[in-house]
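Visitor: Please see the structure below; I have some questions.
The values are calculated or read from the model by the stated rules, or taken from the named source; none is laboratory data. Predicted model only: the values in this text are computed from it and were never measured. Here the Cβ positions follow ideal geometry from the backbone for every residue, glycine too, while neighbour counts run over all protein chains shown. Side chains included, ligands, DNA and RNA excluded: accessible areas come from the protein's heavy atoms. Shrake-Rupley method; radii C 1.70, N 1.55, O 1.52, S 1.80 Å.
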Amino acid sequence: MIPDILSPEFAADPYTGYRALREEAPLFWHEATQSYLISRYTDVEHAFRDPVFTTANYDWQLEPVHGRTILQLSGREHAVRRGLVTPAFRGTELRDTFLPVIERNARELIDEFRTAGTVELAGQFSTRFPINVIVDMLGLDRTDHVRFQRWYTSIVAFLGNLAQDPDVAEAGLRTRAELAEYMLPIIARRRAEPGDDLLSTLCLAEIDGTRMSDEDVKAFVSLLLAAGGETTDKAISALFANLLAHPDQLAAVRDDRSLLPRAFAERRSGTARPFT
Ligand code: HEM
């Protein structure tokens, strides 16, 4: 029996539903969202690589809340845009400029509950950590962490609003307007007086005379909150949940911290041993 992905039962236990989809209906028509669901790893990997599958759905799913983003581009236009943004996210730039920002934000959040005795890890760490890091990487005012947290929450709710709740949709559109009002003047100032932050790098990046417009940069910032925020938030929360559910593995990680990066590396390369 294939559960409805919009049902409370599925929300309570998606894993049983995923298994049913993989094993009983690897290609499943979902009437409510008017879309086909594919659930097997090889099929999803194929869909990401085969150009017959486009990102046209992002025009109605993402663009209303972010504006037009890199995810909607394809071919040369995508390659140029990717060439403009990726240098800031890898190599020495990432290690030297952003690793200290990542470590400082982790330490600051842990300091808030270090001696508290109990902590709600998702709400007090994994949900806030990536957003604080992204705000600081962009060189924005650190007192705006809470404002970006609010925008992050409404953007992610908008993207997951498969049931099309009108209040969730309206809050997402309001966020788009607020983020534009906040970001566009800052982007104009960074173009005039660039610093060594990510926003200045994005404003100045140029390939064969092509640069991102103010609206492109603003849309990329909005995308970062979801693409960089939600993925990291959920990956860290899942890691915490698995380590707490497997005390032997938590003890192993405590004894040997190199296990974590190795686990992530294995997961990225597909050679991970399953959590037993
Ligand atoms: C656990 C962590 C992460 C996972 C699993 C993940 C996964 C993905 C996937 C599957 C895509 C392709 C989406 C599509 O084509 O529809 C993607 C794209 C992207 N991600 Fe991530 N991501 C992670 C972390 C991050 C972080 C930390 C950032 C930045 C701070 C980021 C920024 C982006 C951007 C900008 C794109 C668009 C790239 C393009 O269109 O060429 N992601 N990510």
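Visitor: If Arg81 satisfies all but one of (1) assigned to a helix (DSSP H, G or I); (2) open to solvent by 50 Å² or more (accessible area, probe 1.4 Å); (3) within 12 Å of the ligand (Cβ to nearest atom); (4) of a type outside the set (S, T, N, Q), what's the number of the condition it fails?
Guide: Arg81 satisfies all of (1) assigned to a helix (DSSP H, G or I); (2) open to solvent by 50 Å² or more (accessible area, probe 1.4 Å); (3) within 12 Å of the ligand (Cβ to nearest atom); (4) of a type outside the set (S, T, N, Q) except (2).
Visitor: Taking the condition of being of a type outside the set (S, T, N, Q), within 30 Å of Ser35 (Cα to Cα), assigned to a loop (DSSP other than H, G, I, E, B) and free of Cβ contacts under 8 Å to residues at least 12 places away in the same chain, how many residues in the range 160-214 meet it?
Guide: The number of residues fulfilling the criteria is 2.
Visitor: Let me ask something additional. Please specify each residue of the range 84-128 satisfying the condition of being in contact with a Ser or Thr (Cβ under 7 Å, 6 or more places away or on another chain) and within 13 Å of the ligand (Cβ to nearest atom).
Guide: Ala88, Ser126
Visitor: Checking Arg49 against (1) within 14 Å of the ligand (Cβ to nearest atom); (2) in contact (Cβ under 8 Å) with a residue 60 or more places away in the chain; (3) not assigned by TED's automatic domain parsing to the domain that holds Asn161, only one condition comes out false. Which one?
Guide: Condition (2) is where Arg49 drops out.
Visitor: Here are the criteria: (1) part of a helix (DSSP H, G or I); (2) within 15 Å of the ligand (Cβ to nearest atom); (3) touching a residue at least 12 places away in the same chain (Cβ under 8 Å). Tell me which single one Arg68 does not satisfy.
Guide: Evaluating Arg68 over (1) part of a helix (DSSP H, G or I); (2) within 15 Å of the ligand (Cβ to nearest atom); (3) touching a residue at least 12 places away in the same chain (Cβ under 8 Å) leaves (1) as the failure.
Visitor: Ok, one more. Given the conditions (1) more than 16 Å from the ligand (Cβ to nearest atom); (2) free of Cβ contacts under 8 Å to residues at least 60 places away in the same chain; (3) β-branched (Val, Ile, Thr), which single one is not true for Val217?
Guide: Against the list (1) more than 16 Å from the ligand (Cβ to nearest atom); (2) free of Cβ contacts under 8 Å to residues at least 60 places away in the same chain; (3) β-branched (Val, Ile, Thr), Val217 comes up short only on (1).
Visitor: For Phe28, state whether it is touching a residue at least 12 places away in the same chain (Cβ under 8 Å), aromatic (Phe, Trp, Tyr) and surrounded by 13 or more Cβ atoms within 10 Å (Cβ to Cβ). Steps first, answer last, please.
Guide: Values: touching a residue at least 12 places away in the same chain (Cβ under 8 Å): yes; aromatic (Phe, Trp, Tyr): yes; surrounded by 13 or more Cβ atoms within 10 Å (Cβ to Cβ): yes.
Criteria met by Phe28.
Visitor: Can you pull out every residue in the range 116-140 that is among the β-branched types (Val, Ile, Thr) and closer than 12 Å to Ala106 by Cα? Before the answer, list the steps.
Guide: Filtering the range 116-140 down to residues among the β-branched types (Val, Ile, Thr) leaves 118-119, 127, 131, 133-135.
Hits for the range 116-140 are Thr127, Ile131, Val133.
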